[in-house]
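Engineer: Take a look at the following structure, please.
Quick note: the coordinates plus some simple rules give every number you see, no bench work behind them. None of the values given here were measured: they were computed from a predicted structure. Here the Cβ positions follow ideal geometry from the backbone for every residue, glycine too, while neighbour counts run over all protein chains shown.
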Amino acid sequence: NAGVTQTPKFQVLKTGQSMTLQCAQDMNHEYMSWYRQDPGMGLRLIHYSVGAGITDQGEVPNGYNVSRSTTEDFPLRLLSAAPSQTSVYFCASGTTYEQYFGPGTRLTVT
Amino acid sequence: AQSVTQLDSQVPVFEEAPVELRCNYSSSVSVYLFWYVQYPNQGLQLLLKYLSGSTLVKGINGFEAEFNKSQTSFHLRKPSVHISDTAEYFCAVSEGSGGSNYKLTFGKGTLLTVNP
């Protein structure tokens with residue numbers, strides 16, 4: 001099992017550009033989520049999904065879109081990148097009792 | 001809504017010394033509690049979790065934590081640390097029942113630095 005995979009590992013964007021962060025899991029988990037990590041802020045929930053076709057907003061959803069067409073994949077879209085979205089992004093999948101995190105994507109918006 | 005407070009942003013200790021990383025939470029409902037570790041430039045790894053039952057929880061790498069409901073705390077302890085324990089540690093909480101028990105609320109993290 002690969003667990004939770006994320007691509008790319010690093011990305012630099014210019015303000016206003018769009019991109020998609022990819023997340024995939026091979027553990028057949030219904031629950032997947034996206035967090036951003038900023039220095040001194042811990043991790044904050046952006047969006048989550050409890051199954052294919054079902055998504056909902058977390059604590060900091062503005063500027064991000066998600067969709068869940070399959071159990072395995074949960075991409076995060078930045079529609080128009082802003083410097084405030086410079087962060088490390090983590091995808092997670094799991095159950096009520098345990099969640100597994102991917103290695104992260106480090107995004108810089110200039 | 002829940003919140004998590006990690007009382008120390010940085011904890012420096014010497015190798016083989018004991019360590020305690022403090023975590024307090026607030027919630028109006030029952031909770032599940034977790035400690036995660038993040039090594040430099042890596043993702044998060046689950047150290048241990050409290051779901052129910054015994055309030056003393058043992059995890060990986062010799063860590064343990066004690067759930068104290070009256071003090072709303074879930075402090076992490078290790079009796080003797082190693083250089084390899086240098087990492088950032090995050091306390092997290094989720095609702096223990098109902099529909100929101102997937103969503104984790106994290107503390108801001110405690111950077112543990114183990115010095116030789």
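Engineer: What list of ³J(HN,Hα) couplings, whole Hz, do you get for region A:91-103 from phi and the Karplus terms 6.51, -1.76, 1.60, once you set θ to phi - 60° and write x for glycine and proline?
Structural biologist: 9, 9, 9, x, 10, 4, 9, 6, 10, 10, 9, x, x
Engineer: Which far-off residues, 5 or more places away or on another chain, put their amide H under 5 Å from the one on A:Met19, with H placed in the peptide plane?
Structural biologist: A:Leu78
Engineer: Which entries in A:Lys9/B:Lys58; B:Lys69/B:Lys108; B:Lys49/B:Lys108; A:Lys9/B:Lys49; A:Lys14/B:Lys108 show an alpha-carbon gap greater than 25 Å?
Structural biologist: Working: A:Lys9/B:Lys58 33 Å; B:Lys69/B:Lys108 21 Å; B:Lys49/B:Lys108 18 Å; A:Lys9/B:Lys49 28 Å; A:Lys14/B:Lys108 28 Å.
The pairs that break the limit, which is 25 Å between Cα atoms, are A:Lys9/B:Lys58; A:Lys9/B:Lys49; A:Lys14/B:Lys108.
Engineer: Based on Cβ point charges of +1 for Lys and Arg and -1 for Asp and Glu, what charge dipole magnitude is obtained for region B:1-93 about its Cα centre, in debye rounded to the nearest 20? Before the final figure, lay out the partial values.
Structural biologist: Details: 6 positive and 8 negative charges, 73 e Å.
With only Lys, Arg, Asp and Glu charged at Cβ, the dipole is about 340 debye.
Engineer: For the protein assembly as shown, what is one quarter of the convex hull surface built on the Cα atoms, given in nm²?
Structural biologist: One quarter of the hull surface, i.e. the mean projection, equals 12.3 nm².
Engineer: Using the Karplus curve 6.51 cos²θ - 1.76 cosθ + 1.60 with θ = phi - 60°, what ³J(HN,Hα) values do you get for each residue of region B:74-91, in whole Hz, with x for Gly and Pro?
Structural biologist: 8, 7, 9, 9, 8, x, 8, 8, 10, 3, 5, 7, 4, 4, 9, 10, 10, 8
Engineer: Another question, if that's okay. Considering only DSSP beta bridges with both partners in region B:13-116, what is the antiparallel share in %, to the nearest 5? Show your work: numbers first, answer last.
Structural biologist: Values: 31 of 33 bridges.
Roughly 95 percent of the beta bridges in region B:13-116 run antiparallel, per DSSP.
Engineer: Report the charge-dipole magnitude of chain A in Debye, nearest 20, computed about the Cα centre from +1 at each Lys and Arg Cβ and -1 at each Asp and Glu Cβ.
Structural biologist: The calculated dipole for chain A is roughly 460 debye.
Engineer: Give me A:Val4, A:Val109 ranked fewest to most by other Cβ atoms within 10 Å of their Cβ, as a rough exposure proxy. Mind showing how you got there, number by number?
Structural biologist: Working: A:Val4 24, A:Val109 19.
Ascending Cβ contact count within 10 Å gives the list A:Val109, A:Val4.
Engineer: By the gyration tensor of its Cα atoms, with a ≥ b ≥ c the square roots of the eigenvalues, what is the shape of chain B: rounded for a/c under 1.5, prolate for a/b over b/c, or oblate? The partial results should precede the final answer.
Structural biologist: Numbers: a/c = 1.99, a/b = 1.72, b/c = 1.16.
The shape class here is prolate.
Engineer: Assuming a ≥ b ≥ c are the square roots of the Cα gyration tensor eigenvalues, decide whether region B:25-64 counts as rounded (a/c under 1.5), prolate (otherwise, with a/b larger than b/c) or oblate.
Structural biologist: Details: a/c = 3.44, a/b = 1.52, b/c = 2.26.
Oblate, since a/c reaches 1.5 and b/c is not below a/b.
Engineer: Right, another one. Quick one: grab the alpha carbon gyration tensor of chain A, order the square roots of its eigenvalues as a ≥ b ≥ c, and give me rounded if a/c is under 1.5, else prolate or oblate depending on whether a/b is larger than b/c.
Structural biologist: Numbers: a/c = 1.66, a/b = 1.59, b/c = 1.05.
Judged from the Cα gyration tensor, chain A comes out prolate (a/c at least 1.5, a/b above b/c).
Engineer: Please report B:Ile60, A:Ile46 as a ranked list, fewest other C-beta atoms within 10 angstrom at the top and most at the bottom.
Structural biologist: Numbers: B:Ile60 10, A:Ile46 23.
Lowest to highest Cβ neighbour count: B:Ile60, A:Ile46.
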